[in-house]
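Participant: Here it is: the structure, laid out below.
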Amino acid sequence: CTFCQHRIKGAQDQAKDNGKVKNGKGYVEDGAMKTACEQTCPTDAIVFGDLNDPNSRVSKLSRDPRAFRVLELQNTQPSITYLTKVRNKDDAHG
């Protein structure tokens, strides 16, 4: 959304002013800023970041065993990853 575009651009500009540049743009380190929806979600259910950075939070979550992507089997290569709900798989209880 427009609010987040302003936040991201502002964080990139600040990073560039501080000498943190990658590919000609200011590089915002993981966790240095949050989008509006990330900030307002009390459960941390929304996470944005750099999937290309293997150490970023969003990249680690995308490799979680519970992670899945919609229509991934059709080779759509979606960038949104969902985590499945934790279910009790105890066979003794059915």
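Participant: Give T35, T76 a once-over and let me know the one that is modelled with pLDDT under 85 and among the hydroxyl-bearing types (S, T, Y).
Facilitator: Values: T35 fails: modelled with pLDDT under 85.
It is T76.
Participant: Kindly check whether there is at least one residue in the range 34-45 that is free of Cβ contacts under 8 Å to residues at least 40 places away in the same chain, in contact with a Gly (Cβ under 8 Å, 6 or more places away or on another chain) and charged (D, E, K, R).
Facilitator: no
Participant: Name the residues in the range 47-69 that are assigned to a loop (DSSP other than H, G, I, E, B) and either at pLDDT below 85 or open to solvent by less than 60 Å² (accessible area, probe 1.4 Å) (or both), would you?
Facilitator: Within the range 47-69, V47, G49, D50, D53, S56, D64 meet the criteria.
Participant: While we're on this one: Would you confirm, using the coordinates I've provided, whether A15 is out of contact with any Gly (no Cβ under 8 Å at 6 or more places or on another chain), more than 23 Å from L83 (Cα to Cα) and of a type in the set (A, V, I, L, M)?
Facilitator: Taking the combined requirement at face value, the residue does not satisfy it.
Participant: Still on this structure: Look through V28, V21 and report the one residue that is over 19 Å from T2 (Cα atoms) and in contact with a helix residue (DSSP H, G or I) (Cβ under 8 Å, 6 or more places away or on another chain).
Facilitator: V21
Participant: Moving on. Surrounded by 10 or more Cβ atoms within 10 Å (Cβ to Cβ), polar (S, T, N, Q) and touching a Cys at 6+ places or on another chain (Cβ under 7 Å), is that true of T35?
Facilitator: yes
Participant: Do we find that K20 is open to solvent by 100 Å² or more (accessible area, probe 1.4 Å), among the basic types (K, R) and more than 27 Å from R87 (Cβ to Cβ) in this structure?
Facilitator: Values: open to solvent by 100 Å² or more (accessible area, probe 1.4 Å): no; among the basic types (K, R): yes; more than 27 Å from R87 (Cβ to Cβ): yes.
For K20, the condition - open to solvent by 100 Å² or more (accessible area, probe 1.4 Å), among the basic types (K, R) and more than 27 Å from R87 (Cβ to Cβ) - is not met.
The values are calculated or read from the model by the stated rules, or taken from the named source; none is laboratory data. Quick caveat, the model's predicted, so the values are computed rather than measured. In this analysis, Cβ positions are derived from the backbone assuming ideal geometry, glycine residues included, and neighbour counts consider all displayed protein chains. Keep in mind that these areas ignore ligands, DNA and RNA; they rest on the heavy atoms of the full protein, side chains included. Shrake-Rupley method; radii C 1.70, N 1.55, O 1.52, S 1.80 Å.
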